[in-house]
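As structure tokens, the structure follows; a few thoughts come after it.
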Amino acid sequence: MAEDTHGRARLSPAVVETIAGVTAGSAATLVVHPLDIVKTRMQIHRSQATPGSAPLSTLAVVRSLTRSPKPLQAMYRGLSVNIAGNAASWGGFFYFKTHIERAIVYTKGADPTPPSSTSNQRRPSAVDERRKRLTPFDFFLSSLLAGAATALMTNPLWVLKTRLLSSDQTAKGAYPGPVRGTIQLWKDEGWRGGYRGLAISMIGVAHGAVHFAVYEPAKKMYLSWRDLRRESTGPEELSRLNNKGKRDGGDKISDGATLVLSSTAKLVANAVTYPYQVIRSRLQNYNAEERFGRGIRGVAVRVWREEGPIGFYRGMVPGVIRVLPATWITFLVYENMKHELPNWVGEI
């Protein structure tokens with residue numbers, strides 16, 4: 001941990017991003033976990049697996065969970081693994097992304113390190129200046145590489161999560177819980193079992209790359225527009241805004257802007273990359289090869305043959321219902337934590 005010129009603690013940008021990401025991922029998961037269960041079960045359902053099988057709907061899955069003898073336990077099955085996976089994913093993603101962006105700035109011949117601050121607050125102008133050097137492709141590339149590193153690190157958690165969320169605790173062959181599930185996974189499949197679906201997950205990192213290729217440039221445009229607007233604001237109005245906690249410039253965007261920008265970016269990314277999620281859920285499930293096909297090609301061919309194009313969008317409805325509040329919570333917590341954490345640490 002670095003110190004400012006007054007000897008007060010100052011967190012590095014990478015540490016701030018990591019803590020903000022871990023906090024945001026954990027908070028969002030707590031809220032939307034039941035929808036994760038619904039989405040996962042929709043994704044692995046094969047409507048043509050047996051003749052005469054009734055199509056599975058979102059409401060049918062919700063009813064099955066709420067009518068369980070222990071509905072709360074059923075709706076939050078696998079919560080600890082999901083929190084661990086999302087916390088590690090978001091924290092790792094922002095950590096890697098920050099360092100990769102700094103490396104990109106360095107390759108452009110600019111100093112990636114912001115000037116040291118003489119106060120306990122991080123200087124937003126330095127951060128803004130650094131990020132202005134990055135193009136949409138730079139954001140796409142940094143997110144792509146960060147996503148790949150994160151996927152490699154967290155894949156075993158997602159395999160365990162998929163298997164826990166896709167079945168009830170009392171179902172035949174289901175893992176009773178995270179600990180026994182981990183032991184069973186290692187016993188049955190070894191370390192390779194933890195990396196089932198890794199190839200499709202690597203393809204899926206394009207989701208995060210598309211998201212941030214939309215979000216970061218849109219955020220830069222918003223900040224530029226806001227700064228121009230404030231330059232034309234009279235002193236009385238500017239004072240009123242500052243009294244409400246609005247900062248003149250800097251990289252902190254309003255909560256309303258965060259909701260709009262993050263939602264737009266997430267919906268674009270979801271529409272472009274959703275089919276990979278269906279394939280990944282099936283690859284990572286129990287007895288995947290005999291139930292869904294072997295490898296990415298085998299699963300994709302079977303989905304197309306049995307369900308047609310719509311099969312690749314199974315669970316899209318609960319997915320969208322889940323992804324919007326999850327995105328709102330994630331980015332509201334992330335943006336506010338990233339902004340306030342250096343100040344809190346400096347006051348300790």
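A few notes on this one:
- Label-to-label distance, K108 versus S68, with points set 7 angstrom from Cα along the beta-carbon direction: 4.8 nm.
- Projected label points at V260 and V317, each 7 Å from Cα along the beta carbon direction, are separated by 3.0 nanometres.
- With the simple model of a label 7 Å out from the Cα in the direction of the Cβ, W186 to E289 spans 2.3 nm.
- Long pairs among K70/K187; K97/K252; K220/K252; K252/K338; K39/K97; K39/K219, criterion Cα-Cα beyond 20 Å: K70/K187; K39/K97; K39/K219
- Counting neighbouring beta carbons within 10 Å and listing from fewest to most, the residues M316, M75 come out as M75, M316.
- Converting phi to 3J(HN,Hα) with the Karplus coefficients 6.51, -1.76 and 1.60 and the offset θ = phi - 60°, segment 141-152 yields 5, 5, 5, 5, 5, 5, x, 5, 5, 5, 4, 4 Hz in sequence order, with x at every glycine or proline.
Read-outs: derived from the displayed coordinates by stated rules, not from any lab. It should be emphasised that the depicted structure is a prediction, and the values quoted were computed from it without experimental measurement. Please note: Cβ atoms are built from the backbone with ideal geometry, for glycine as well, and neighbour counts cover all protein chains shown.
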